[in-house]
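Step one of this worksheet: look at the structure below.
The values are calculated or read from the model by the stated rules, or taken from the named source; none is laboratory data. Model, not experiment: these values are computed from the prediction. Don't worry about glycine lacking a Cβ; one is built from the backbone with ideal geometry, like all the others, and counts go over all protein chains shown. These area figures cover heavy atoms from the full protein model, side chains too; ligands, DNA and RNA do not enter into them. Shrake-Rupley method; radii C 1.70, N 1.55, O 1.52, S 1.80 Å.
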Amino acid sequence: MKKNNLLKGIFFSSFASTFWGIPQPLIFNQIKYIPAIEIVSHRALWSFIFLFLIITFIGRIKDLLLIFNSYKILILLSLGAILISINWIGFIFAVSLNRVQDASMGYFLTPLVSISLGYFFLNEKISKAKFISILLMISAIFFLIISLKTLPILAFIIGTSWGVYGLLKKQINISSEIGLLYESFLITLLALPYIIYIDRVNVGFFLNESMNTNYLLILTGAITVFPLFLFNQGVKFITLGFAGVIFYLAPTLHFFTAIIILEETLSLSKLIAFIIIWFGVLIFIIDSLRNENKSIENKTQ
């Protein structure tokens, strides 16, 4: 039974990460002619609509209402809404500028942000392995800055916003789908007037372009919600830490999607930086799995 649960957890988490890694950048690539702000606005709107329908259907709308009983949760989720919108804009910009590999690098750098934030704000200890992982990632960043004579700004934006977003989520005990429902609702409140305005002045793409454009903008909500539910389904059968390790399949697939399918140019400097980062992430994963096993052993004793 435990083996079946493990396999289910790995399957759902891997499927979600694969969906994040390949279909998402390919779909956003199909609408990269649309301004990033408009895409993010529709992504929030349709994510909220899909999530609201699903959560209402499965009878969990009461879970949403409970978050309004805590000012702390509302404040943290509101900050989360800002961070997730920044992350979405960064990713969409990366796709539109043919720099999906930068988005991949950003998500790979997330452990650097998470470990640092955990150390300074949550008093989490940094193991020797994680310290080595941090040093490798920092050295990769400095190598890029020196060799390319520029900052990997998109990677920083994506990695930092995702890392801080994760830190905020650690402070509250609510499910990801309920949190995203509130966050997408808040972004929608701000985005809806903008969507209505650009439609009135005929500069918006939704309903003013082809039917394919309309479908793809609606689909941005579905491709946000669908992998989230798959990932949460996986977490039911395996630990969050193990699922987090499997998540690194997503930026790996971002990288290969960028190079093989979207045919982005990969400079030697970036390749070397990626190799250094991969070593850092590999050390981080091995250390995380070792700690995961220790935690499971302690619980069974």
As I understand it, the dipole of the chain uses +1 on the Cβ of Lys and Arg and -1 on the Cβ of Asp and Glu, about the Cα centre. Which of 245, 33, 180 lies farthest toward its positive end? 245
Table column - 3J(HN,Hα) (Hz), the stretch 68-85, Karplus curve with 6.51, -1.76, 1.60, x for Gly and Pro: 6, 7, 10, 5, 4, 4, 4, 5, 5, 5, 5, 5, x, 4, 5, 5, 5, 5
For the stretch 187-301, what are Rg and Dmax over the alpha carbons, in angstrom? 21.0, 67
Please list, in order along the stretch 279-288, the HN-Hα scalar couplings obtained from phi with the Karplus expression 6.51 cos²θ - 1.76 cosθ + 1.60 (θ = phi - 60°), rounded to whole Hz, x for Gly and Pro. 4, x, 5, 4, 4, 4, 5, 4, 5, 5
With the chain treated as a Gaussian network of Cα nodes joined by springs under 10 Å, which of 194, 71, 165 yields the largest mean-square fluctuation? 71
Å² per residue, accessible surface of the chain at 1.4 Å: 52
Of the GluC sites (Glu not before Pro) in the stretch 201-301, those whose Cβ has at most 10 other Cβ within 10 Å and which sit in DSSP loop: 263
Beyond 20 Å, what share of the Cα-Cα pairs of the stretch 65-182 is found? Please give it as a whole percent. 50
What list of ³J(HN,Hα) values in whole Hz, one per residue of the stretch 263-276 in order, does the Karplus curve 6.51 cos²θ - 1.76 cosθ + 1.60 (θ = phi - 60°) give from phi, with Gly and Pro shown as x? 6, 6, 7, 10, 6, 4, 4, 5, 4, 4, 4, 4, 4, 4
So, counting K/R as plus one and D/E as minus one, what does the shell of residues with Cβ under 14 Å around residue 279 add up to? 0
As an exercise, identify the trypsin sites (Lys or Arg not before Pro) in the stretch 68-171 lying in DSSP coil whose Cβ has no more than 13 other Cβ atoms within 10 Å. 125, 149
Residue 235: net charge of surrounding residues, Cβ under 12 Å, Lys/Arg +1, Asp/Glu -1, itself excluded? +1
Which residue, chosen from 205, 141, 192, occupies the Cα position most advanced towards the positive end of the dipole of the stretch 79-220, where the dipole is computed from +1 (Lys, Arg) and -1 (Asp, Glu) charges on Cβ about the Cα centre? 141
If you average the alpha carbon positions of the stretch 203-258 and of the stretch 60-75, how far apart do those two centres end up, in angstrom? 25
Dipole magnitude of the chain about its Cα centre (Cβ charges: Lys, Arg +1; Asp, Glu -1), debye to nearest 20: 860
